[in-house]
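K.L.:
Starting off with a structure, shown below.
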Amino acid sequence: MAITNAKKIRWAGTVLGAIALIGILLNSNLLGVWAGPVMSMGVSQSGRYIVSAHRDNKLILWDLQEKQWDKLSGEANLYSAYFVPDQNVFLWQDTDNTVTAQTVDGELRKQFQHFPTYGHVISSDFETYLSSDEYWNVFSGYGDTKRPVLKDGVVPSFIGAGKLLNLALDRNNTFFITAGFDDDRSKIADHSPLNNRQRFSKYGGVTLWDAETKQPVAKLRGNSSKTHATISPDGQWVVSADENGKSFAWNTSNPEKRMRNAGYSGLFIEGLPDDLPASEYYDKSGLIDLPKGPHRFTIAVAFIHNSEYYLRFGNNSHFAALFKTGSPWPVKYFDLGESPKLVTYGSNYARNTAIATSPESGILAMGHQSTGGISVYQFDPDELTLERVWVVK
Amino acid sequence: MNSGKSNLVDHLFLRQPAVADNALTNETSRDVHPLGLGVFPSARKIVVLHSRGDGILGAGEDEESAWWQKALLRSSPAALIATTAWNLANSEDAKDDVLGYFRGAYDKKWWTFPSFLVNGFGPAIEELYKDYLPLTFKAQMTTYPQLSSYVPEALKRTVKANWDRLEQDILAEADALWQPCIDCLRNGERPPEYTLLAPLNHRASVSPQVAKDYVLRLKKLAVNDWVPERSPRPALGHVGFEEVTDNASPDFDQFISGLRDKNEIDQVNQSAWLFSHSGMRIPSEEVFNRSYDAAIMRRIVSEGGGFGHY
């Protein structure tokens, strides 16, 4: 009997020891991160901090310098992680719909009740707050100051299109853009962005808005289907790309002029007759060697070096193409690494917010396809390199 | 378009189409279907709704599988069967998923399903052209395997005569129905059906040139014992245009890429809701709202009139 009890005690000790060891390893982040895949992410302007919201509602703050991370909440809105420009302050919303702006040290800067957001942005002075709901309506402000900016139908929507209405605000708070699903060619003058009587929105495609008046400035059309777009930090450039592989750029000083970007086999020449051989529609003069891997079907675009360089991320690909504003030609292709598989795999259009950059510091952060880890890259504008500097599985 | 044909339909929506992903090319040489049924170069403004989750059109992606399922799948054949059974038991449309595990019923369209049958097109062709048999020397080889390298002169003459007669009759049928088909289309009437050219009945009309090409393909197939030489292309309704417009792919198609850049074709990945092929026929409310309403009706309303115009 005594021997049996001793055995039991040894077994219990072993099990408890194993549990304690796992607890220690988890607490010291030695087993990787224990979270669902990243759904939304923001990078601080300094490039040191990254905030991410995960499919299992975790909110994690990552410190690139210390190579550490902290779970701040287990009840975060999936699409609420966002870094405030020019500050070590990030924005998030909990599942009780409280939006919080807090510093990386935990200091509270702002807090308010809001509807469940499907993406939001805020200016560095906290004066401009824009948020989208599941029907791709856009609102300015919160509480008593909340006003509709775009509310003209329920289709397309997050559910119907399978992606967010992406929002982006420039650093000077001059313009913001919305980008969702482009299949509309109507003019601004023909349809108000506020119209409760219609079912189908006229503002699903890329639209440039005045950040002060909250009025549409231009419909930046040409893309088709699920479209992502962003605006440069200085507010001068809007770049877009879509799930059909088309990509365009506009200078906000002349938004009527659309500039088509080259695909990876040539720049499509518009306005030619219909009956030419297929190859004659393409200018190949500025092409560079194409490795096997980049895909034109684009899941996201993001500025990586101030307002000068931006990246285009192909769907089902671990390559990104580097472009320079003002030029239609790809400058370089970057292999982001095959493993762990990035969020760019699996047509994750509803998770293109799991790709975030700090154009000021050249930091790119990406979620992984099916686990909660992240990959972080550093861009060198002189050498034109993009090096993976941190991977958490 | 390059084909020079007038555009018959103003705006076409293809939901999970069970056709090859390169079906819209103008290069018939890219058609891997042994009888030339794989490409439709006269199509025009088209929106393709495709889904990686359509088990009829192809195998599903396993990225969303649980980690334990992935681990099991890699461990043993028994585990593979167990995991497959688990997935089927938990699927909303088990039939689709069964077919998905075996690469989809779509392959049947290409006469390669089930893959363990080795007689390819033989039974179907021999039924269709039963009045022209034999068209190969295979019967002789089977009866006298020891004489496999020897073919009697009489049989050679018979086979050649059968081919000559079949070719003549096929071309005659094409000639006879070419103009009536065109007249019917002009008058908005249903065109007559082909008999010897029945495999091409999906075309509104078969030109004499297409008929000649068909005979050539048929002869090539006969030489290969009715077994297609090339693997089927993936279904357009499964993968969209991704591979054929990927510049680095050996299957890159400049023409289809051009259609995309000219806004004549679009694709919309709807894997999130079109996870069952049967969902097209009897759409759930979810499919109706998210696919039909959001991806089809919206385009029609946004783009104004035109839909349904011929």
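K.L.:
From the phi angles alone, apply the Karplus equation (6.51, -1.76, 1.60; θ = phi - 60°) to segment B:177-187 and give each ³J(HN,Hα) in whole Hz, x where the residue is Gly or Pro.
P.N.:
For segment B:177-187, the Karplus curve yields 9, 4, 5, x, 5, 4, 4, 4, 5, 4, 8 Hz.
K.L.:
In addition: Give me the distance in nm between label points sitting 7 Å out from Cα along the Cα-to-Cβ direction at A:Lys332 and A:Arg260, one decimal.
P.N.:
Inter-label distance under the simple model: 2.8 nm.
K.L.:
Turning to a different aspect of this structure: Pulled fully out, how much extra length does the chain show between A:Gln198 and A:Asp289, if you take 0.36 nm times their separation in residues and subtract their Cα-Cα distance?
P.N.:
Numbers: separation 91, 0.36 × 91 = 32.76 nm, distance 4.81 nm.
This chain segment gains 28.0 nm when fully extended.
K.L.:
Using θ = phi - 60° and the Karplus relation 6.51 cos²θ - 1.76 cosθ + 1.60, list the HN-Hα couplings for segment A:82-97 in order, rounded to whole Hz, with x at every Gly or Pro.
P.N.:
Karplus-based 3J(HN,Hα) across segment A:82-97 equals 7, 9, 6, x, 6, 9, 8, 10, 10, 10, 7, 10, 8, 6, 8, 6 Hz.
K.L.:
Which residue, A:Gly74, A:Gly13, A:Gly153, tops the fluctuation ranking in a GNM of chain A built on C-alpha contacts under 10 Å?
P.N.:
Fluctuation is largest for A:Gly13.
K.L.:
Under 9 Å from the Cβ of A:Tyr118, count the other residues' Cβ atoms, weight Lys and Arg +1, Asp and Glu -1, and hand me the total.
P.N.:
Surrounding charge for A:Tyr118 is -2.
K.L.:
Ok, one more. If a/c stays under 1.5 just call it rounded; otherwise compare a/b with b/c (prolate if a/b is bigger, oblate if not). Do that for segment B:143-256, with a ≥ b ≥ c from the square roots of the Cα gyration tensor eigenvalues.
P.N.:
On the way: a/c = 3.02, a/b = 1.19, b/c = 2.53.
Since a/c reaches 1.5 but b/c is at least a/b, the shape of segment B:143-256 is classed as oblate.
K.L.:
I'd like the distance separating the alpha-carbon centroids of segment A:168-190 and segment A:213-278, in whole Å.
P.N.:
Distance between centres, Cα-based: 12 Å.
K.L.:
Which part of segment A:330-365 falls in the paramagnetic zone of A:Asn251, meaning amide N under 17 Å from the point 7 Å along Cα-to-beta-carbon?
P.N.:
Counting backbone N atoms under 17 Å from the label point, the list is empty.
K.L.:
Taking chain A as a Gaussian network, Cα atoms linked when under 10 Å apart, which of A:Ser339, A:Ser247, A:Ser347 shows the biggest mean-square fluctuation?
P.N.:
It is A:Ser339.
K.L.:
With a ≥ b ≥ c the root eigenvalues of the C-alpha gyration tensor of segment A:60-132, is it rounded (a/c under 1.5), prolate (a/b larger than b/c) or oblate?
P.N.:
Working: a/c = 1.87, a/b = 1.29, b/c = 1.45.
Oblate, because a/c is 1.5 or more while a/b does not exceed b/c.
K.L.:
Pull out a ≥ b ≥ c, the square roots of the eigenvalues of the alpha-carbon gyration tensor of segment A:102-392, then state rounded if a/c is under 1.5, prolate if not and a/b is larger than b/c, and oblate in the remaining case. Before the final figure, lay out the partial values.
P.N.:
Details: a/c = 1.68, a/b = 1.17, b/c = 1.43.
Oblate, because a/c is 1.5 or more while a/b does not exceed b/c.
K.L.:
Let me ask something else about it. Taking amide H positions as placed 1.01 Å from N in the peptide plane, with prolines and chain starts having none, which residues 5 or more places from A:Val217, or on another chain, fall under 5 Å of its amide H?
P.N.:
Those qualifying (amide H under 5 Å, at least 5 residues apart or on another chain) are A:Leu208, A:Trp209, A:Asp210.
K.L.:
Just to confirm my numbers, what's the Cα centroid distance between segment A:80-103 and segment B:199-226 in Å?
P.N.:
65 Å
K.L.:
Let me confirm the definition first: pairs of Lys residues in segment A:72-222, 8 or more apart or on different chains, C-alpha distance under 26 Å. How many are there?
P.N.:
Close lysine pairs found across segment A:72-222: 20.
K.L.:
Quick check: net charge around B:Gln270, other residues with Cβ under 9 Å of its Cβ, Lys/Arg +1 and Asp/Glu -1?
P.N.:
Working: positive: B:Arg15, B:Arg290; negative: none.
Once all neighbours under 9 Å are counted, the net charge is +2.
K.L.:
From other protein chains only, count the Cβ atoms within 10 Å of every residue's Cβ in B:267-274, then give the mean.
P.N.:
Numbers: counts 7, 9, 8, 4, 4, 8, 3, 0.
Partner-chain Cβ atoms within 10 Å, mean over residues of B:267-274: 5.
K.L.:
Another question, then. Compute the convex hull volume of the Cα atoms of segment A:151-276, divide it by the residue count, and report the result per residue in Å³ as a whole number. Before the final figure, lay out the partial values.
P.N.:
Values: hull volume 15.8 nm³, N = 126.
Spread over its residues, the Cα hull of segment A:151-276 gives 125 Å³ apiece.
K.L.:
For an R0 of 30 angstrom, estimate the FRET efficiency from the Cβ-Cβ distance between B:Asp131 and B:Ser29 and round to the nearest 0.05. Show your work: numbers first, answer last.
P.N.:
Details: r = 31 Å, r/R0 = 1.04.
Here the calculated transfer efficiency is 0.45.
K.L.:
Round to the nearest 10 and give me the degree value, 0 to 90, for the angle of helix A:2-27's Cα axis relative to the longest principal axis of chain A.
P.N.:
Roughly 30 degrees between the two axes.
K.L.:
Shifting gears a bit: Report, by chain and number, residues whose modeled amide H sits under 5 Å from the one on A:Val33, excluding near sequence neighbours (fewer than 5 apart, same chain).
P.N.:
A:Lys393
FYI, it's all coordinate maths here, none of it is from the lab. What you see is a predicted model, and the numbers here were worked out from it, not measured in a lab. In this analysis, Cβ positions are derived from the backbone assuming ideal geometry, glycine residues included, and neighbour counts consider all displayed protein chains.
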